[in-house]
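Taking it in order: structure first as C-alpha coordinates, then the write-up.
The values are calculated or read from the model by the stated rules, or taken from the named source; none is laboratory data. These numbers were taken from a predicted model, which means no experiment stands behind them. Here Cβ is always computed from backbone atoms with ideal geometry, including for glycine, and neighbour counts include all displayed protein chains. All accessible areas refer to the heavy atoms of the entire protein, side chains included, with ligands and DNA or RNA removed. Shrake-Rupley method; radii C 1.70, N 1.55, O 1.52, S 1.80 Å.
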Amino acid sequence: MNLDDMIEGWRSQDASTLYGVVDKDRLHHVLRQEQAKLEKQSRWGLWGGYVFGVAPLIISSGLFLAIMLQPNDDHVRIVWDYVVGVAGVAAAIVVAWTLSTLRQSQRTRDHGFGDSLRDHLRRRVAQIDDALRERRLALITLAAGLICAVAIPVAQYRIGHVPVPYSEMDWPSPVLTVVVLGLFCLELFWWAPRRLRRKNLPRRRQLEAMLKELDGQ
Amino acid sequence: MLDSERDRIFGEWLAGHQGILFKVVRAYAFKHADRQDLFQEVAIQVWRSVDAYRGDSSVPTWMYRIALNAAISWTRKQGRHQRGKQPLEIMDGPLTEPVAEADPRVEWLYAQIAQLKDVDRSVALLMLDGFAYKDIAAIAGISEGNVAVKINRIKAALTAQLARETES
(Lines give C-alpha, C1' and ligand atoms only; values in the text may rest on other atoms or scores of the structure.)
Protein backbone atom coordinates (compact mmCIF):
# COMPACT_ATOMS: atom_id res chain seq x y z
CA MET A 1 0.00 0.00 0.00
CA ASN A 2 1.37 3.44 -0.87
CA LEU A 3 0.51 7.00 0.10
CA ASP A 4 -1.83 7.47 -2.86
CA ASP A 5 -3.97 4.56 -1.60
CA MET A 6 -4.08 6.18 1.80
CA ILE A 7 -5.15 9.51 0.34
CA GLU A 8 -7.78 7.78 -1.77
CA GLY A 9 -9.13 6.17 1.40
CA TRP A 10 -9.23 9.59 3.05
CA ARG A 11 -11.17 11.17 0.23
CA SER A 12 -13.74 8.38 0.07
CA GLN A 13 -14.57 8.36 3.79
CA ASP A 14 -18.18 8.65 4.86
CA ALA A 15 -18.07 11.65 7.12
CA SER A 16 -21.44 11.29 8.78
CA THR A 17 -21.01 7.74 10.07
CA LEU A 18 -17.30 7.87 10.76
CA TYR A 19 -17.42 10.87 13.04
CA GLY A 20 -20.79 10.60 14.70
CA VAL A 21 -23.85 12.71 14.04
CA VAL A 22 -24.59 16.30 14.95
CA ASP A 23 -27.44 16.61 17.43
CA LYS A 24 -29.12 19.59 15.81
CA ASP A 25 -31.30 20.49 18.80
CA ARG A 26 -28.32 20.60 21.08
CA LEU A 27 -26.29 22.59 18.60
CA HIS A 28 -29.18 25.01 18.16
CA HIS A 29 -29.29 25.42 21.93
CA VAL A 30 -25.54 26.13 22.02
CA LEU A 31 -25.88 28.74 19.28
CA ARG A 32 -28.74 30.46 21.10
CA GLN A 33 -26.57 30.60 24.22
CA GLU A 34 -23.76 32.09 22.18
CA GLN A 35 -26.10 34.67 20.73
CA ALA A 36 -27.33 35.63 24.20
CA LYS A 37 -23.70 35.95 25.34
CA LEU A 38 -22.83 38.21 22.39
CA GLU A 39 -25.84 40.41 23.04
CA LYS A 40 -24.93 40.67 26.72
CA GLN A 41 -21.33 41.61 25.85
CA SER A 42 -22.57 44.24 23.47
CA ARG A 43 -24.92 45.67 26.12
CA TRP A 44 -22.10 45.79 28.68
CA GLY A 45 -19.83 47.48 26.13
CA LEU A 46 -22.49 50.11 25.52
CA TRP A 47 -23.10 50.71 29.21
CA GLY A 48 -19.35 50.81 29.85
CA GLY A 49 -19.11 53.55 27.22
CA TYR A 50 -21.89 55.49 28.89
CA VAL A 51 -20.54 55.08 32.40
CA PHE A 52 -16.89 55.89 31.66
CA GLY A 53 -17.34 58.29 28.78
CA VAL A 54 -20.69 60.01 28.71
CA ALA A 55 -21.70 60.07 32.38
CA PRO A 56 -18.67 62.08 33.68
CA LEU A 57 -19.15 64.45 30.76
CA ILE A 58 -22.80 65.04 31.60
CA ILE A 59 -22.16 65.37 35.35
CA SER A 60 -19.26 67.81 34.89
CA SER A 61 -21.11 69.84 32.28
CA GLY A 62 -24.23 69.92 34.46
CA LEU A 63 -22.30 71.17 37.48
CA PHE A 64 -20.44 73.70 35.39
CA LEU A 65 -23.70 75.04 34.00
CA ALA A 66 -25.20 75.09 37.46
CA ILE A 67 -22.35 77.28 38.70
CA MET A 68 -22.64 79.59 35.74
CA LEU A 69 -26.39 79.92 35.71
CA GLN A 70 -27.33 80.06 39.37
CA PRO A 71 -28.89 83.41 40.31
CA ASN A 72 -27.97 85.81 43.12
CA ASP A 73 -24.30 84.97 43.23
CA ASP A 74 -22.69 87.64 41.10
CA HIS A 75 -20.64 88.84 44.01
CA VAL A 76 -19.27 85.41 44.98
CA ARG A 77 -18.39 83.87 41.61
CA ILE A 78 -14.67 84.10 41.06
CA VAL A 79 -12.30 83.07 38.29
CA TRP A 80 -11.52 79.73 40.01
CA ASP A 81 -15.16 78.70 39.56
CA TYR A 82 -14.66 78.96 35.82
CA VAL A 83 -11.32 77.16 36.01
CA VAL A 84 -12.82 74.26 38.00
CA GLY A 85 -15.81 73.96 35.70
CA VAL A 86 -13.77 74.13 32.53
CA ALA A 87 -11.16 71.69 33.90
CA GLY A 88 -13.86 69.21 34.92
CA VAL A 89 -15.59 69.35 31.56
CA ALA A 90 -12.26 69.20 29.67
CA ALA A 91 -11.16 66.17 31.69
CA ALA A 92 -14.45 64.41 31.02
CA ILE A 93 -14.15 65.19 27.29
CA VAL A 94 -10.59 63.84 27.27
CA VAL A 95 -11.71 60.56 28.90
CA ALA A 96 -14.63 60.18 26.48
CA TRP A 97 -12.42 61.05 23.48
CA THR A 98 -9.64 58.70 24.57
CA LEU A 99 -12.02 55.78 25.02
CA SER A 100 -13.70 56.51 21.72
CA THR A 101 -10.42 56.75 19.74
CA LEU A 102 -9.11 53.64 21.45
CA ARG A 103 -12.18 51.68 20.41
CA GLN A 104 -11.94 53.10 16.90
CA SER A 105 -8.28 52.17 16.55
CA GLN A 106 -8.96 48.64 17.86
CA ARG A 107 -11.76 48.22 15.33
CA THR A 108 -9.56 49.53 12.51
CA ARG A 109 -6.72 47.25 13.56
CA ASP A 110 -8.96 44.18 13.74
CA HIS A 111 -10.40 44.88 10.31
CA GLY A 112 -6.92 45.50 8.91
CA PHE A 113 -6.12 41.80 9.16
CA GLY A 114 -7.47 39.25 6.72
CA ASP A 115 -8.95 35.83 7.40
CA SER A 116 -5.93 33.60 6.80
CA LEU A 117 -4.28 31.64 9.57
CA ARG A 118 -1.30 34.00 9.50
CA ASP A 119 -3.61 37.02 9.89
CA HIS A 120 -5.47 35.27 12.68
CA LEU A 121 -2.20 34.75 14.58
CA ARG A 122 -0.96 38.28 13.85
CA ARG A 123 -4.26 39.75 15.04
CA ARG A 124 -3.87 37.89 18.34
CA VAL A 125 -0.30 39.13 18.71
CA ALA A 126 -1.43 42.71 18.02
CA GLN A 127 -4.21 42.39 20.61
CA ILE A 128 -1.71 41.18 23.20
CA ASP A 129 0.72 43.98 22.30
CA ASP A 130 -2.09 46.50 22.74
CA ALA A 131 -2.92 45.10 26.14
CA LEU A 132 0.74 45.23 27.14
CA ARG A 133 1.36 48.85 26.22
CA GLU A 134 -1.86 50.49 27.27
CA ARG A 135 -0.01 53.01 29.44
CA ARG A 136 -1.18 56.01 27.46
CA LEU A 137 -4.80 55.21 28.21
CA ALA A 138 -3.98 54.49 31.86
CA LEU A 139 -2.17 57.81 32.25
CA ILE A 140 -4.88 59.86 30.55
CA THR A 141 -7.66 58.11 32.44
CA LEU A 142 -5.85 58.56 35.75
CA ALA A 143 -5.14 62.24 35.17
CA ALA A 144 -8.59 63.05 33.82
CA GLY A 145 -10.30 60.95 36.49
CA LEU A 146 -8.43 62.79 39.23
CA ILE A 147 -9.32 66.18 37.76
CA CYS A 148 -12.97 65.14 37.54
CA ALA A 149 -12.83 63.75 41.06
CA VAL A 150 -11.59 67.12 42.36
CA ALA A 151 -13.70 69.34 40.09
CA ILE A 152 -17.02 67.71 40.86
CA PRO A 153 -16.98 68.12 44.69
CA VAL A 154 -15.50 71.61 44.37
CA ALA A 155 -18.25 72.58 41.97
CA GLN A 156 -20.79 71.13 44.39
CA TYR A 157 -19.40 73.35 47.17
CA ARG A 158 -19.80 76.37 44.92
CA ILE A 159 -23.39 75.63 43.99
CA GLY A 160 -26.09 76.66 46.38
CA HIS A 161 -27.55 79.68 47.96
CA VAL A 162 -24.47 80.29 50.10
CA PRO A 163 -21.43 79.02 48.22
CA VAL A 164 -18.50 77.84 50.36
CA PRO A 165 -15.35 79.94 49.87
CA TYR A 166 -12.32 78.01 48.60
CA SER A 167 -10.41 78.76 51.79
CA GLU A 168 -13.09 77.05 53.89
CA MET A 169 -13.42 73.86 51.86
CA ASP A 170 -12.39 70.53 53.41
CA TRP A 171 -9.31 69.70 51.39
CA PRO A 172 -7.72 66.29 51.96
CA SER A 173 -4.37 66.24 53.74
CA PRO A 174 -1.34 66.46 51.43
CA VAL A 175 0.13 63.24 52.89
CA LEU A 176 -3.06 61.28 52.23
CA THR A 177 -3.26 62.71 48.72
CA VAL A 178 0.33 61.72 47.97
CA VAL A 179 -0.20 58.21 49.39
CA VAL A 180 -3.39 57.63 47.39
CA LEU A 181 -1.80 59.02 44.22
CA GLY A 182 1.30 56.93 44.82
CA LEU A 183 -0.76 53.75 45.20
CA PHE A 184 -2.70 54.57 42.04
CA CYS A 185 0.53 55.11 40.12
CA LEU A 186 2.08 51.93 41.50
CA GLU A 187 -0.95 49.91 40.46
CA LEU A 188 -1.18 51.49 37.02
CA PHE A 189 2.47 51.59 36.10
CA TRP A 190 4.05 48.75 38.08
CA TRP A 191 1.72 46.04 39.43
CA ALA A 192 -0.83 45.98 36.60
CA PRO A 193 1.81 45.87 33.80
CA ARG A 194 3.65 43.07 35.61
CA ARG A 195 0.42 41.08 35.96
CA LEU A 196 -0.36 41.66 32.29
CA ARG A 197 3.11 40.60 31.19
CA ARG A 198 3.00 37.45 33.32
CA LYS A 199 -0.37 36.56 31.84
CA ASN A 200 0.24 37.48 28.21
CA LEU A 201 3.91 36.97 27.39
CA PRO A 202 3.75 33.14 27.29
CA ARG A 203 0.78 33.39 24.90
CA ARG A 204 2.66 35.87 22.75
CA ARG A 205 5.72 33.61 22.59
CA GLN A 206 3.51 30.68 21.63
CA LEU A 207 1.90 32.70 18.83
CA GLU A 208 5.29 33.86 17.59
CA ALA A 209 6.48 30.27 17.53
CA MET A 210 3.47 29.34 15.41
CA LEU A 211 4.13 32.22 13.03
CA LYS A 212 7.72 31.00 12.71
CA GLU A 213 6.43 27.51 12.11
CA LEU A 214 4.15 28.88 9.40
CA ASP A 215 7.09 30.58 7.67
CA GLY A 216 9.55 27.76 8.22
CA GLN A 217 10.31 25.56 5.23
CA MET B 1 -28.37 40.00 8.82
CA LEU B 2 -31.40 38.58 10.58
CA ASP B 3 -30.76 35.78 13.06
CA SER B 4 -33.13 33.47 11.19
CA GLU B 5 -31.25 34.13 7.94
CA ARG B 6 -27.92 33.41 9.60
CA ASP B 7 -29.34 30.19 11.08
CA ARG B 8 -30.65 29.13 7.67
CA ILE B 9 -27.32 29.73 5.92
CA PHE B 10 -25.41 28.01 8.72
CA GLY B 11 -27.79 25.04 8.50
CA GLU B 12 -27.14 24.77 4.75
CA TRP B 13 -23.39 24.97 5.24
CA LEU B 14 -23.49 22.34 7.95
CA ALA B 15 -25.68 20.00 5.92
CA GLY B 16 -23.41 20.32 2.90
CA HIS B 17 -19.97 20.41 4.46
CA GLN B 18 -20.12 19.06 8.00
CA GLY B 19 -17.29 16.68 7.12
CA ILE B 20 -14.90 19.64 7.19
CA LEU B 21 -15.77 20.39 10.79
CA PHE B 22 -15.52 16.72 11.74
CA LYS B 23 -12.09 16.37 10.17
CA VAL B 24 -10.70 19.49 11.80
CA VAL B 25 -12.09 18.43 15.16
CA ARG B 26 -10.69 14.94 14.79
CA ALA B 27 -7.25 16.26 13.82
CA TYR B 28 -6.95 18.62 16.78
CA ALA B 29 -8.82 16.90 19.63
CA PHE B 30 -8.12 13.36 20.77
CA LYS B 31 -10.65 12.61 23.51
CA HIS B 32 -14.42 12.48 23.16
CA ALA B 33 -15.00 15.30 25.66
CA ASP B 34 -12.40 17.46 23.92
CA ARG B 35 -14.00 16.75 20.55
CA GLN B 36 -17.36 17.85 21.89
CA ASP B 37 -15.81 21.04 23.16
CA LEU B 38 -13.88 21.75 19.98
CA PHE B 39 -16.82 20.90 17.72
CA GLN B 40 -18.95 23.33 19.70
CA GLU B 41 -16.29 26.03 19.44
CA VAL B 42 -15.74 25.48 15.72
CA ALA B 43 -19.50 25.44 15.02
CA ILE B 44 -19.95 28.70 16.94
CA GLN B 45 -17.12 30.37 15.03
CA VAL B 46 -18.51 29.22 11.68
CA TRP B 47 -21.99 30.40 12.71
CA ARG B 48 -20.55 33.79 13.72
CA SER B 49 -18.64 34.03 10.44
CA VAL B 50 -21.77 33.78 8.29
CA ASP B 51 -22.17 37.59 8.37
CA ALA B 52 -18.59 38.11 7.18
CA TYR B 53 -18.79 35.70 4.23
CA ARG B 54 -18.71 37.71 1.00
CA GLY B 55 -18.44 34.87 -1.48
CA ASP B 56 -14.82 35.63 -2.43
CA SER B 57 -13.92 31.99 -1.82
CA SER B 58 -15.97 28.78 -1.93
CA VAL B 59 -17.95 27.80 1.16
CA PRO B 60 -15.70 24.77 1.93
CA THR B 61 -12.59 26.98 1.72
CA TRP B 62 -14.22 29.54 4.01
CA MET B 63 -15.35 26.89 6.48
CA TYR B 64 -11.90 25.30 6.56
CA ARG B 65 -10.35 28.68 7.17
CA ILE B 66 -12.62 29.52 10.08
CA ALA B 67 -12.51 26.00 11.52
CA LEU B 68 -8.70 25.79 11.43
CA ASN B 69 -8.30 29.21 13.04
CA ALA B 70 -10.76 28.19 15.74
CA ALA B 71 -9.03 24.86 16.27
CA ILE B 72 -5.60 26.43 16.63
CA SER B 73 -6.93 28.99 19.11
CA TRP B 74 -8.67 26.20 20.98
CA THR B 75 -5.44 24.18 21.10
CA ARG B 76 -3.64 27.07 22.74
CA LYS B 77 -6.44 27.54 25.27
CA GLN B 78 -6.53 23.81 25.84
CA GLY B 79 -2.80 23.90 26.61
CA ARG B 80 -3.57 26.41 29.36
CA HIS B 81 -6.43 24.25 30.63
CA GLN B 82 -4.16 21.23 30.72
CA ARG B 83 -1.63 23.13 32.77
CA GLY B 84 -4.27 23.02 35.48
CA LYS B 85 -5.79 26.47 35.21
CA GLN B 86 -9.31 25.38 34.45
CA PRO B 87 -10.75 21.89 34.28
CA LEU B 88 -12.82 21.15 31.22
CA GLU B 89 -15.71 18.75 31.38
CA ILE B 90 -18.18 18.93 28.56
CA MET B 91 -19.78 15.57 28.07
CA ASP B 92 -23.17 16.52 26.60
CA GLY B 93 -22.02 18.25 23.46
CA PRO B 94 -23.71 18.41 20.08
CA LEU B 95 -21.77 15.45 18.70
CA THR B 96 -22.87 11.82 19.12
CA GLU B 97 -20.45 8.90 19.28
CA PRO B 98 -19.34 7.47 15.91
CA VAL B 99 -21.55 4.65 14.68
CA ALA B 100 -19.25 3.04 12.10
CA GLU B 101 -15.84 1.45 12.12
CA ALA B 102 -13.27 3.78 10.67
CA ASP B 103 -11.35 2.90 7.52
CA PRO B 104 -7.88 1.82 8.80
CA ARG B 105 -6.25 4.01 6.16
CA VAL B 106 -8.06 7.03 7.56
CA GLU B 107 -7.16 6.07 11.12
CA TRP B 108 -3.53 5.70 10.09
CA LEU B 109 -3.53 9.13 8.47
CA TYR B 110 -5.08 10.71 11.58
CA ALA B 111 -2.42 9.06 13.71
CA GLN B 112 0.30 10.53 11.50
CA ILE B 113 -1.34 13.97 11.37
CA ALA B 114 -1.45 13.99 15.17
CA GLN B 115 2.36 13.83 15.21
CA LEU B 116 2.66 17.07 13.23
CA LYS B 117 2.89 20.58 14.62
CA ASP B 118 -0.33 22.62 14.67
CA VAL B 119 0.34 24.58 11.49
CA ASP B 120 1.61 21.60 9.49
CA ARG B 121 -1.47 19.70 10.62
CA SER B 122 -3.63 22.32 8.91
CA VAL B 123 -1.64 22.07 5.70
CA ALA B 124 -1.82 18.25 5.82
CA LEU B 125 -5.61 18.28 6.24
CA LEU B 126 -6.05 20.65 3.32
CA MET B 127 -3.66 18.61 1.18
CA LEU B 128 -5.51 15.38 1.97
CA ASP B 129 -8.82 16.99 1.03
CA GLY B 130 -7.38 17.92 -2.35
CA PHE B 131 -7.19 21.71 -2.00
CA ALA B 132 -5.04 23.47 -4.60
CA TYR B 133 -1.77 25.03 -3.43
CA LYS B 134 -3.25 28.44 -4.17
CA ASP B 135 -6.17 27.81 -1.79
CA ILE B 136 -3.95 26.35 0.92
CA ALA B 137 -1.67 29.38 0.61
CA ALA B 138 -4.67 31.72 0.98
CA ILE B 139 -6.07 29.84 3.97
CA ALA B 140 -2.73 29.67 5.78
CA GLY B 141 -1.50 33.10 4.67
CA ILE B 142 1.80 31.79 3.29
CA SER B 143 3.31 31.67 -0.21
CA GLU B 144 2.50 28.89 -2.64
CA GLY B 145 6.21 28.00 -2.68
CA ASN B 146 6.15 27.56 1.07
CA VAL B 147 3.02 25.40 0.75
CA ALA B 148 4.76 23.22 -1.83
CA VAL B 149 7.78 22.76 0.43
CA LYS B 150 5.64 21.90 3.43
CA ILE B 151 3.52 19.43 1.47
CA ASN B 152 6.57 17.74 0.00
CA ARG B 153 8.03 17.38 3.45
CA ILE B 154 4.77 16.01 4.89
CA LYS B 155 4.37 13.56 2.02
CA ALA B 156 7.96 12.44 2.37
CA ALA B 157 7.48 11.82 6.10
CA LEU B 158 4.24 9.89 5.48
CA THR B 159 5.83 7.80 2.74
CA ALA B 160 8.83 7.00 4.91
CA GLN B 161 6.63 6.02 7.84
CA LEU B 162 4.49 3.84 5.58
CA ALA B 163 7.59 2.13 4.22
CA ARG B 164 8.89 1.50 7.74
CA GLU B 165 5.58 -0.01 8.83
CA THR B 166 5.28 -2.14 5.69
CA GLU B 167 8.78 -3.56 6.24
CA SER B 168 8.12 -4.39 9.85
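So the values come out like this:
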| quantity | calculated |
| --- | --- |
| Projected-area mean, chain B, by convex hull of Cα positions, square nanometres | 11.6 nm² |
| Calculated FRET value between A:ARG109 and B:THR166, using beta carbons and R₀ = 56 Å, to 0.05 | 0.65 |
| Sparse-neighbourhood loop sites, trypsin sites (Lys or Arg not before Pro) in region B:97-165 - DSSP loop, at most 14 other Cβ within 10 angstrom | B:LYS117 |
| Chain B: most fluctuating residue of B:PRO60, B:PRO94, B:PRO104 per GNM, C-alpha cutoff 10 Å | B:PRO104 |
| GluC sites (Glu not before Pro), loop per DSSP, at most 12 other Cβ atoms within 10 Å - longest free stretch of chain B | B:1-88 |
| Unit charges on C-beta of K, R, D, E only; dipole of the protein assembly as shown, Debye | 1200 debye |
| Accessible area (Å², 1.4 Å probe, nearest 10) - A:TYR157 | 80 Å² |
| Rg/Rg_ref, region B:21-78, where Rg_ref = 2.2 N^0.38 Å and atoms are Cα | 1.09 |
| Alpha carbon convex hull of the protein assembly as shown, projected area averaged over orientations, nm² | 25.4 nm² |
| Estimated FRET transfer efficiency (A:GLN41, A:LYS212; beta-carbon r; R0 25 Å; 0.05) | 0.15 |
| Listed residue pairs exceeding 20 Å between alpha carbons, taken from A:LYS212/B:LYS31; A:LYS199/B:LYS77; A:LYS40/B:LYS31; A:LYS199/B:LYS31; B:LYS77/B:LYS150 | A:LYS212/B:LYS31; A:LYS40/B:LYS31; A:LYS199/B:LYS31; B:LYS77/B:LYS150 |
| Kirkwood-based shape ratio for region A:79-217, expressed as Rg/Rh from alpha carbons | 1.18 |
| Length added when fully stretched, A:ALA66-A:TRP190, from 0.36 nm per residue minus Cα-Cα | 40.7 nm |
| GNM flexibility winner over chain B from B:ASP56, B:ASP37, B:ASP120 (Cα, springs under 10 Å) | B:ASP56 |
| Cleavage-rule hits (trypsin sites (Lys or Arg not before Pro)) in region A:113-217: DSSP loop, at most 14 neighbouring Cβ within 10 angstrom | A:ARG133 |
| Average beta-carbon neighbours from other chains, 10 Å sphere, peptide A:3-11 | 6 |
| Accessible-area value, A:CYS185, 1.4 Å probe, nucleic acids and ligands omitted, Å² | 50 Å² |
| Exercise: per-residue mean of other protein chain Cβ atoms within 10 Å, B:138-149 | 4 |
| Cubic angstrom per residue, convex hull over Cα atoms of region B:98-168 | 102 Å³ |
